[in-house]
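The values are calculated or read from the model by the stated rules, or taken from the named source; none is laboratory data. All values reported here derive from a predicted model rather than from experimental measurement. Cβ sites come from the backbone with ideal geometry, for glycine too, and all protein chains shown count toward neighbours.
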Amino acid sequence: MGSEKLSVEKFIDLSEKIPVCDVRSPSEYSAGHIPGAYNIPIFSDKERELVGIRYKKEGREPAIMEGLDLTGPQLSSKLRKAFDIASGNQLLVHCWRGGMRSEAMAWLFSLAGINVYILEGGYKSYRNYILEKLSVKRKTIILGGLTGSSKTHVLSHLKNMGQQVIDLEGLANHKGSAFGALGQLNQPSTEQFANMLFNEWNKSDPDIPVWMEDESRNIGTVFMPDAFFDNMQKSPAVILMMDLKTRMPRLLAEYSRFPKELLIASISKISKRLGGDNTRDAIRAVEEDNFAKAIEITLFYYDKAYLFGLTRKSSESIIYVKTDTDDINENTQKVLEASNKLKW
């Protein structure tokens with residue numbers, strides 16, 4: 001038994017069947033990590049700070065001694081955790097740059113009989129690799145439409161039909177508007193969003209189009225990788241056009257169930273764009289349980305902004321699909337038929 005260094009490509013391939021152990025500090029892991037990785041930190045955040053200070057002041061050897069003093073009593077518990085997560089007596093291990101931390105933990109694990117593979121270049125090389133891969137343009141179909149057009153449901157239906165779909169809003173835990181955080185889990189960091197996005201991107205077949213929903217550069221507090229977003233903007237799009245009357249029942253069912261104070265707070269976020277009078281009227285409508293009026297006021301802004309955004313796309317790469325129904329099956333079929341006419 002021992003350890004072996006792997007390229008990032010090989011490391012990612014093996015991560016499909018061998019567990020990944022991230023030995024960075026808890027705060028580094030929380031900021032962003034390889035999806036599915038377990039965190040067995042060699043140092044706590046405070047310990048990492050102390051070792052770093054010692055390294056800067058006195059050099060490598062005193063820092064190593066400081067690290068040994070701090071981690072020595074904890075090595076058995078770290079090893080037990082490694083045994084718990086190892087599969088087939090194998091583990092993938094990485095730190096930030098593939099240096100002392102991963103090598104030290106690999107030594108410990110291999111000493112106990114675990115076969116360890118270390119990520120060459122560490123998490124830093126992983127990040128560089130995935131951002132490069134996410135910048136490569138591939139066949140993509142963007143599904144657009146006015147707020148409340150059931151785009152997420154259509155995408156889900158397309159996925160059930162065997163189409164390749166990446167749910168950007170699902171990854172971001174946000175529906176993209178000022179109301180997008182309602183009923184959602186906490187959003188990941190922008191860094192972690194890109195990690196999860198790559199996971200989906202890497203699983204998809206590059207020879208077959210991937211469907212994604214039309215989004216702004218940011219989805220709530222999460223920002224898409226620049227090159228990935230720019231490629232989305234250049235991709236052909238199918239735009240589902242549905243009037244307000246058709247959209248209203250679903251919007252009412254979706255948003256009227258939330259507490260009024262949350263709806264009012266969401267309206268307040270776009271008060272400058274709505275204008276003082278519209279903001280006041282929308283808030284009053286919510287207070288009076290007139291949710292339809294509140295939706296109508298806010299959609300006036302969102303519809304106008306979205307339609308203006310469409311003018312920036314090449315008209316040759318857009319197909320508009322008009323519908324007078326909110327039936328998901330029917331609209332999915334219309335969207336799929338329209339996609340067959342797209343020019344690549």
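Below are the figures for this structure:
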| quantity | calculated |
| --- | --- |
| Matching entry among K322, K304 (being touching a residue at least 40 places away in the same chain (Cβ under 8 Å), of a type in the set (D, E, K, R) and either assigned by TED's automatic domain parsing to the domain that holds S268 or part of a loop (DSSP other than H, G, I, E, B) (or both)) | K322 |
| All positions within region 104-130 that are surrounded by fewer than 16 Cβ atoms within 10 Å (Cβ to Cβ) and assigned to a helix (DSSP H, G or I) | W107, L111, K124, N128 |
| Matching residues, region 39-72, being aromatic (F, W, Y) and over 15 Å from E103 (Cα atoms) | Y55 |
| Where F83 falls short, out of the listed (1) closer than 13 Å to V23 by Cα; (2) surrounded by 13 or more Cβ atoms within 10 Å (Cβ to Cβ) | (1) |
| Number of positions in region 300-324 that are surrounded by fewer than 14 Cβ atoms within 10 Å (Cβ to Cβ) and either in contact with a helix residue (DSSP H, G or I) (Cβ under 7 Å, 6 or more places away or on another chain) or more than 30 Å from I270 (Cα to Cα) (or both) | 2 |
| Per-region count, region 275-292, residues more than 15 Å from L262 (Cα to Cα) and among the charged types (D, E, K, R) | 3 |
| Residue check for I283: touching a Leu at 6+ places or on another chain (Cβ under 9 Å) and more than 23 Å from G144 (Cα to Cα) | yes |
| Scan of region 221-265 for residues that are surrounded by 20 or more Cβ atoms within 10 Å (Cβ to Cβ), within 22 Å of L307 (Cβ to Cβ) and either out of contact with any Asp or Glu (no Cβ under 8 Å at 6 or more places or on another chain) or not charged (D, E, K, R) (or both), ordered by number | M224, S235, P236, A237, V238, I239, L240, M242, L251, Y255 |
| Count - residues of region 311-333 that are within 12 Å of M241 (Cα to Cα), of a type in the set (K, R) and under 28 Å from the mean Cα position of the chain (by Cα) | 0 |
| Residue ID - nearest to S125 (Cα to Cα), chosen from residues in region 1-25 that are acidic (D, E) and surrounded by fewer than 16 Cβ atoms within 10 Å (Cβ to Cβ) | E9 |
